[in-house]
1. Given H placed 1.01 Å from N in the peptide plane, which residues other than close sequence neighbours of GLY256 have an amide H under 5 Å from its amide H?
2. Rounded to whole Hz and in sequence order, give me ³J(HN,Hα) for segment 38-53 from the Karplus expression 6.51 cos²θ - 1.76 cosθ + 1.60, θ = phi - 60°, writing x for Gly and Pro.
3. Based on Cβ point charges of +1 for Lys and Arg and -1 for Asp and Glu, what charge dipole magnitude is obtained for segment 511-611 about its Cα centre, in debye rounded to the nearest 20?
4. Students often get this wrong: which residues of segment 580-611 have the backbone nitrogen under 13 Å from the point 7 angstrom along Cα-to-C-beta of ASP346?
5. Return the FRET efficiency for the residue pair ARG92, ARG393: r is the Cβ-Cβ distance, R0 is 60 Å, and the value is rounded to the nearest 0.05.
6. What are the ³J(HN,Hα) values, in whole Hz, obtained from phi via the Karplus relation 6.51 cos²θ - 1.76 cosθ + 1.60 with θ = phi - 60°, for each residue of segment 88-93 in sequence order, with x given for Gly and Pro?
7. Could you work out [θ]222 nm for the chain from helices alone, using -39500 (n - 2.57) per DSSP H run of at least four and dividing by all its residues? Round to the nearest 500 deg cm²/dmol.
8. Sorted by packing (mean other beta-carbon atoms within 10 Å per residue), highest first, where do 232-239, 76-83 land?
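Read-outs throughout are calculated quantities, based only on the coordinates presented, and are distinct from any laboratory measurement. A quick note: this is a predicted structure, and the numbers were derived from the prediction, not measured. All Cβ positions, even for glycine, are placed from backbone atoms using ideal geometry, and neighbour counts span all protein chains on display.
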Amino acid sequence: MSKRLLGALIATFSLSYSPLLAQQQVSYHLSFPNAVHHEAQVKVKFSGIATDTLQVLMPRSSPGRYALHEFAKNVYSVKATDSKGNQLPINRSTPHQWEVTGHQGGEVTVSYTLFGDHADGTYTGIDETHAHLNMPATLLYAKGFEKAPANVTFRIPKGSNWKIATQLKPTSDSTFTAPDFQYLMDSPTELSNFDFAEWVVKDKGKDKTIQVTLHHKGTKAQFEEYVAKTKQIVAEQQAVFGELPDFDFGRYTFIGCYMPQAAGDGMEHRNSTIVTSSRSLATSMPALLNTVSHEFFHAWNVERLRPKSLEPFDFQQANMSEALWLAEGFTSYYGDLTMHRSGIFDAKKYAGDLAGDLNYVLLSPGRHYHSLVEMSKQAPFVDAARSVDPHNRHNTFISYYTYGSVLGLGLDLTLRRDFNTTLDNYMQALWQKFGKPEKPYTMADLEQTLAEVTKDSTWAADFFRRYVFGSELPDYAKLLTEAGLQLRKASPGKPSMGPVNLEYSKEGAKLLSGTWVTSPLYKAGINRGDTILTLNGKKVTSAKDLDKIMRRLQPAHSVPITFSRQGETRAATIILEELPELEVVLFETADRELTPAMQQFRQAWLGSKAK
């Protein structure tokens, strides 16, 4: 929504409903008397209730996630009282909704116990060391109070040295405010004894504060190195767009939790990000910073430069968008690119990561089933979604993160080679047209902007038809050659049965995952749950056995295979293929000439933009 439209709506709403809004207020109070057992006590007071029945809900989805998560499963001991402390009747009408009746004076206080033992970007984790709170997994809300301001007070456990990290606006050391429900739900909070650093960026005449808060077990020197490299990441991404966003309260906060009990994750928010991992700065700093890089790019791309299909975010439904290939995929591309531009990754590391992404996208069969747009629409089924039944996604799905990243690579190199422009320029154009004014975009807007950047509407339309709405991919071998990078087979002449996850025993090798439709195993009729007994007449009881057999074979060999399925022994013939795995190598390490033109192209692409 544009600021102008938002202002007009607020003005209209104020004229019609200002008496009601003036009375409406939501006040939360959180305490942690039983943190050792992962519990929080939450009270929320709703003032200015205008209906006989107060409908109280727990969110079912969370910003940055697209699947349902049913956070209400961790809420219990729900009670309600009126302004005089009298207990009120509650009817639980759905698994995630409670209805409170009998209140007087327009005020109800709801109290409940919250269980949380999963510290990541989606859920809540509470223990003796911290309270790691994702708000949709933490706070109940009421229908009709979506525009009401909210106060949140945190009671620090006695004897602890916890501090509070959040994008909420502070009014005291323990109380914070949010202008409305959407902002409140978008404001993760970490209470712990975290390390803290901040700096001010001068950005087009404005001072913008960047904060780093980190709950971890590393040393002071490691934290300082982490902060220094985060500064480099911020500077490089600022250079892509030409400016930082105007953060709502003048600051952006990195909220990190690298503790043994945390789960690996990263989640973007409007003026902050949550980054979590069980890994430490001592062992995994580059990988942890890669997540930082990805999430900070979201401060532009998806937090402000936002697809219309995600507006407004629905906290009671799965949220689907056709544009995640750009919102998440291009962010992944820039997350990795920033790591090289900032000097954290060298060229060899960056090339190796490109190879991993290209292998996944080029070799996966998913493009035979869905376009890139359709892959984006699969998010509610795959984005941390949980299910117990087996699925066929190894054949039908390619992550829009990686697929979109690889398309970003192809578009960037094509723009540089053929149009004397860059993906940076495309992102700047999108930012100026849609991100900075916060005007949600459509797919037609993305295509039109590409036409403007290239000055070729025919080419832009063809690009979207073939690569976004279709399933084609650019010629990456030719494109990478421009920068002195070679895309080639990693193990030419090596035979393969196809990608497979095997568990070995004295009986044989059991397939723990489904087989790819393009693989020799699939074509031989072998699938998940089957146990390979012999290959080419030899028993397969260990990885060493299989390797020994395969070393004596060649691609295209037709080989007898026996396997067990549900207690029955079967025989088949498998035609081996050449191992399709690819690698990306620098020309200078592959005994190929790196020309001055290639060096210049590579530097323009991968070199720092902040210097």
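1. Result for GLY256 returns THR213, LEU214, HIS215, VAL275.
2. Residue by residue, segment 38-53 yields 6, 10, 10, 9, 10, 10, 9, 9, 9, 10, x, 6, 10, 10, 5, 10 Hz.
3. Details: 14 positive and 11 negative charges, 57 e Å.
Rounded to the nearest 20 debye, it is 280 debye.
4. 586, 589
5. Values: r = 34 Å, r/R0 = 0.57.
E(calc), rounded to 0.05, equals 0.95.
6. Values per residue, Gly and Pro as x: 10, x, 10, 10, 8, 7 Hz.
7. Numbers: 17 runs with 183 residues, N = 611.
Here the helix-only value at 222 nm equals -9000 deg cm²/dmol.
8. Numbers: 232-239: 21.5, 76-83: 15.6.
Order by mean packing, descending: 232-239, 76-83.
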